[in-house]
Amino acid sequence: MYENFERLLKERGVTPYRVAKDTGIPCATLTNWKQGKYTPKIEKLQRIADYFGVPLSYLLDGKTPSDESQDMEQTLSGLLREVRSSAGRKLRFGSSPLTPELRRLLELQLDTLLTTAALLSQSQQSHS
């Protein structure tokens, strides 16, 4: 994910320091993200996405709605991986923290959505 952030920095000619100052996200957060120590919370990722005028999904998977095609399976799978790997971190939905129970519910819902979409896709392919 940090690679997508770096791509935006390069394309827009902006420094991480400038992003930190303009978004209120501490430089240490960006440095820890770069070093792989942790991923910023969704709220902070959204602030970065808003700053650059890109959808949050761009930071997660490098794709924008204007891409020729968007693989929803890949996007949802990436989001599910993020939720699953967040067990030790505090996730937020907007300004509300996700309790462990809500995080687990989100994980189950994403898994169900992926499974259902895959089954429907296979069904459509077999009827074509």
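Per-structure values
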{"quantity": "Max mean-square fluctuation residue, GNM over the chain, Cα-Cα springs under 10 Å, options 116, 23, 39", "calculated": "116"}
{"quantity": "Carbon/sulfur fraction of accessible area - the chain, other protein chains in place, 1.4 Å, %", "calculated": "54"}
{"quantity": "Charge dipole magnitude, Cβ of K and R +1, D and E -1 - the chain, Cα centre, debye nearest 20", "calculated": "720"}
{"quantity": "Computed helical MRE - 222 nm, the chain, DSSP H runs ≥ 4 contributing -39500 (n - 2.57), nearest 500", "calculated": "-20500 deg cm²/dmol"}
{"quantity": "Three-way shape call for segment 1-52 based on the alpha-carbon gyration tensor, with the a/c threshold at 1.5", "calculated": "rounded"}
{"quantity": "Coil-residue trypsin sites (Lys or Arg not before Pro) of segment 1-67, DSSP, other Cβ within 10 Å capped at 16", "calculated": "37"}
{"quantity": "Lysines with Cα under 22 Å of residue 90, excluding same-chain neighbours fewer than 8 positions away", "calculated": "34, 37, 41, 44"}
{"quantity": "Theoretical FRET efficiency, 1/(1+(r/R0)^6), r = Cβ-Cβ of residue 32 and residue 72, R0 41 Å, to 0.05", "calculated": "0.85"}
{"quantity": "Accessible area of the chain divided out per residue, in Å², using a probe of 1.4 angstrom", "calculated": "65"}
{"quantity": "Gyration tensor (alpha-carbon) shape descriptor, the chain, a/c threshold 1.5", "calculated": "oblate"}
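The values are calculated or read from the model by the stated rules, or taken from the named source; none is laboratory data. Because the structure is predicted, anything quoted here is derived from the model rather than measured. Counting neighbours? That spans all protein chains shown, and the Cβs are built from the backbone with ideal geometry, glycine included. We work out accessible area using only protein heavy atoms, side chains counted, and drop any ligands, DNA or RNA first. Shrake-Rupley method; radii C 1.70, N 1.55, O 1.52, S 1.80 Å.
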